[in-house]
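This report refers to the structure that appears directly beneath it.
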Amino acid sequence: MGENCYIVQPILPQQRVQGKSAGENLAVGLRAPDARLEEAISLSAAINLEVFGGEIVNLRRIDAGVLFGKGTIERVADLVEQEEINLVIVNHGLSPVQQRNLEKAWRCKVIDRSALILEIFGERAQTKEGKIQVELAALNYQRSRLVRSWTHLERQRGGAGFMGGPGEAQIELDRRIIDDKINRLKKQLVDVKKNRDLQRESREKIPYPIVALVGYTNAGKSTLFNNITGAEVFAEDLLFATLDPTMREVKLPNDRRIILSDTVGFISELPTHLIAAFRATLEQVLYADVILHVRDISAVDTAQQRDDVITVLKDLGVAYDDNEKIVEVLNKIDVMPDDEKPQTNIDNRRVAVSALTNQGVDDLLQLVQDILAKEHQVYNFSLSPAAGEAQSWLYSHGHVLTYEINNDNHQIELSVNLSDKDFGRFKQRFGIEPNA
């Protein structure tokens, strides 16, 4: 985007551990300050911002008007002037007043973490629903900040429009214009959701088990998705490389078919508006038969990332602890030292893989197959030779154990291992009862 930016990572007083020196302060309940700053730098790189540098600022107290103390304000102002920096990103939430006052003090554009993430979502979203959800979230965020410019009402470019364009004037927007836009988008979203519901209903008529990939952004979900499916979903070393859900049909080792779903990456301190807006993109997680929680096991803050994902899943209504359908996929073992690298087949809830080199992927697919088989029962069916569609359905959705032709009654006798859910779908679709 051609912006030369500087990143400021504030550590609030309540986030500091008492008794530690200033350089060793850690954020309580959050990842370490240096890891948070590094994440903000990666977020900025995701939309091609030129990051001049960044710093961690330990706040002794919070200034309601500008957040930071006088010394920080002056130091950053001097840096902005000397290095001709035109954008400062504060990796924390800012009130509209704080944002406006900081722009006056630093004489450049200032955005907070929410605006940065919204900007990334605005550029990455590809589907119609994704674009509407991003725009709706951005408008709701913008509504309280009418002092900001709003380029994307005209949809001149990607992104959410917080960065601004060359020579763009700072104008006061009429709240009514934004409200009208929000109402129009909500109506469009209702229509899009109806279409999505119809698509889901059609998928349920050919109901394969759904296996959903979830995880912190940049954990390697899309790389694993491509590895298993042979697809070419956009997968790069960027935060939020994938924003729109992607689904592909996959065969397990026993030839059973499943639907593998890639989802948007999670992130800590996700803007409130985006949690609501992207709930629909995580819908497959709610209906999934198996959830694969992909973790970057090589990341220094992998434990904190895991906690963030668990929090979002619980917010969605998905229990995590003792949930046998959730598998933790410890990814990126190829970049770990040999003495720290875990065995691929750990237990029935965890498996270590390298999505890039394929190590451990076979163990993962076998584990998925085992989980899907746990809730299965063996059903015996007698089908007429004319019931070819029903027979084909059983082969696609279950594991046929025996197949015999009964010459006495001219029936095909099948013994099939089916899940309770698939048995219900089969019975509803074909009206065929199992043998007593």
Output the number of the condition that Asn380 fails; it satisfies all remaining conditions of (1) assigned to a strand (DSSP E or B); (2) touching a residue at least 60 places away in the same chain (Cβ under 8 Å).
(2)
Is there a residue in region 412-431 that is part of a loop (DSSP other than H, G, I, E, B), touching a residue at least 40 places away in the same chain (Cβ under 8 Å) and within 15 Å of Pro209 (Cβ to Cβ)?
no
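Here is a yes/no grid of residues against (1) farther than 21 Å from Tyr208 by Cα; (2) part of a strand (DSSP E or B); (3) in contact (Cβ under 8 Å) with a residue 60 or more places away in the chain:
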| residue | (1), (2), (3) |
| --- | --- |
| Thr357 | yes, no, no |
| Leu367 | no, no, no |
| Ser392 | no, no, no |
| Leu401 | no, yes, no |
If I filter region 189-224 down to residues being in the same structural domain as Ile258 (by TED's automatic domain parsing) and of a type in the set (S, T, N, Q), which single residue comes out as modelled with the highest pLDDT?
Thr223
Selected residue (criterion: nearest to the chain's Cα centre (by Cα)) from residues of region 289-345 that are in a helix (DSSP H, G or I), of a type in the set (Val, Ile, Thr) and closer than 25 Å to Asp370 by Cα
Val309
Region 381-407, residues that are under 27 Å from Glu324 (Cα atoms) and either in the same structural domain as Arg257 (by TED's automatic domain parsing) or not small (Gly, Ala, Ser) (or both):
Trp393, Leu394, Tyr395, His397, His399, Val400, Leu401
Considering only residues that are within 10 Å of Val327 (Cα to Cα) and out of contact with any Gly (no Cβ under 7 Å at 6 or more places or on another chain), which ones fall in region 340-354?
Asp347, Asn348, Arg349, Arg350
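Listed here are the residues, each with its yes/no results for (1) within 15 Å of Asp289 (Cβ to Cβ); (2) without any contact (Cβ under 8 Å) to a residue 24 or more places away in the chain.
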residue	(1), (2)
Asp363	no, yes
Lys374	yes, no
Glu389	no, no
Tyr395	no, yes
State which residue pairs qualify: first residue in contact (Cβ under 8 Å) with a residue 24 or more places away in the chain and inside region 298-311, second residue assigned to a loop (DSSP other than H, G, I, E, B) in any location, beta carbons under 6 Å apart, and separation of 6 or more residues or different chains.
Ser298/Lys332; Ser298/Met336; Asp301/Arg31; Gln304/Arg31; Asp308/Ser268
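For every residue, the table says whether it meets (1) in contact (Cβ under 8 Å) with a residue 60 or more places away in the chain; (2) crowded, with 21+ Cβ neighbours inside 10 Å; (3) closer than 17 Å to Leu270 by Cα; (4) not polar (S, T, N, Q).
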| position | (1), (2), (3), (4) |
| --- | --- |
| Glu38 | no, no, yes, yes |
| Ile41 | no, no, yes, yes |
| Ile56 | no, no, no, yes |
| Gly65 | no, no, no, yes |
| Lys70 | no, no, no, yes |
| Asn91 | yes, yes, yes, no |
| Gln98 | no, yes, no, no |
| Asn101 | no, no, no, no |
| Lys128 | yes, no, no, yes |
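Table: residues versus (1) at pLDDT 90 or above; (2) more than 25 Å from Asp112 (Cα to Cα); (3) out of contact with any strand residue (DSSP E or B) (no Cβ under 6 Å at 6 or more places or on another chain); (4) not assigned by TED's automatic domain parsing to the domain that holds His399.
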| residue | (1), (2), (3), (4) |
| --- | --- |
| Asp255 | no, yes, yes, yes |
| Phe266 | no, no, no, yes |
| Phe278 | no, no, yes, yes |
| Asp347 | no, yes, yes, yes |
| Asp362 | yes, yes, yes, yes |
Considering only region 376-385, how many residues are at pLDDT 90 or above and either within 37 Å of the chain's Cα centre (by Cα) or of a type in the set (A, V, I, L, M, F, W, C) (or both)?
2
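The values are calculated or read from the model by the stated rules, or taken from the named source; none is laboratory data. Since the model is a prediction, treat every value here as computed from it, not as a measurement. Because the Cβ atoms are built from the backbone with ideal geometry, glycine has one as well, and the counts that use them run over all protein chains shown.
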